[in-house]
Amino acid sequence: MLGSVIESLFVGLGKILFGIFVEFIFEIGFYFIGYPIVKILTFGKYPKKKNSFLNDESNQNFYISAVGVLATAIVVIGYFVIKNR
């Protein structure tokens, strides 16, 4: 009985830590990949304001991170396509 309670606590803690880790990688890692791409593609027009990364109330950070994810996926897929020719 006590073993299953402790196991449940560790599973829950693991899920929380994994969620924080994934959020950290997405928000910070892919943000810094996507930011210069967005700047180049929009000729410096976006992101509009000097972006305070932690205090942004809009979805701007999410969209920049999504561009980073997309760019990373394109590079990884391209790498494997070229490697397997």
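Simple spin-label estimate for Glu23 and Phe10 gives 2.4 nm between the two label positions (7 Å along the Cα-to-Cβ direction from each Cα). Using only the alpha-carbon atoms of the chain as identical scatterers, what base-10 log of I(q)/I(0) does the Debye formula give at q = 0.15, 0.16 Å⁻¹? The calculated log intensity ratios at q = 0.15, 0.16 Å⁻¹ are -0.69, -0.74. The simple spin-label model puts a point 7 Å past each Cα toward its Cβ; for Leu41 and Val69 those points are separated by 1.4 nm. Accessible area per residue (1.4 Å probe, heavy atoms of protein chains only) ranks Ser8, Ser65 as Ser8, Ser65, with the largest value leading.
Taking 0.36 nm per residue of separation and subtracting the current Cα-Cα distance, fully stretching the chain between Val81 and Lys48 would add 8.3 nm. Taken as entire DSSP H runs, the helices of the chain that both span 30 Å or more between Cα atoms along their own long axis and average 0.0 or more on the Kyte-Doolittle scale are 2-24, 60-83.
With a 1.4 Å probe rolled over the protein heavy atoms of all chains, the accessible area of Ile74, Ile64 falls in the order Ile74, Ile64, largest first.
The values are calculated or read from the model by the stated rules, or taken from the named source; none is laboratory data. Predicted, not measured: the structure shown is a model, and the values here were computed from it. No Cβ is skipped: glycine too gets one built from the backbone with ideal geometry, and neighbour counts run over all protein chains shown. With ligands, DNA and RNA removed, areas are computed over all heavy atoms of the protein, side chains included. Shrake-Rupley method; radii C 1.70, N 1.55, O 1.52, S 1.80 Å.
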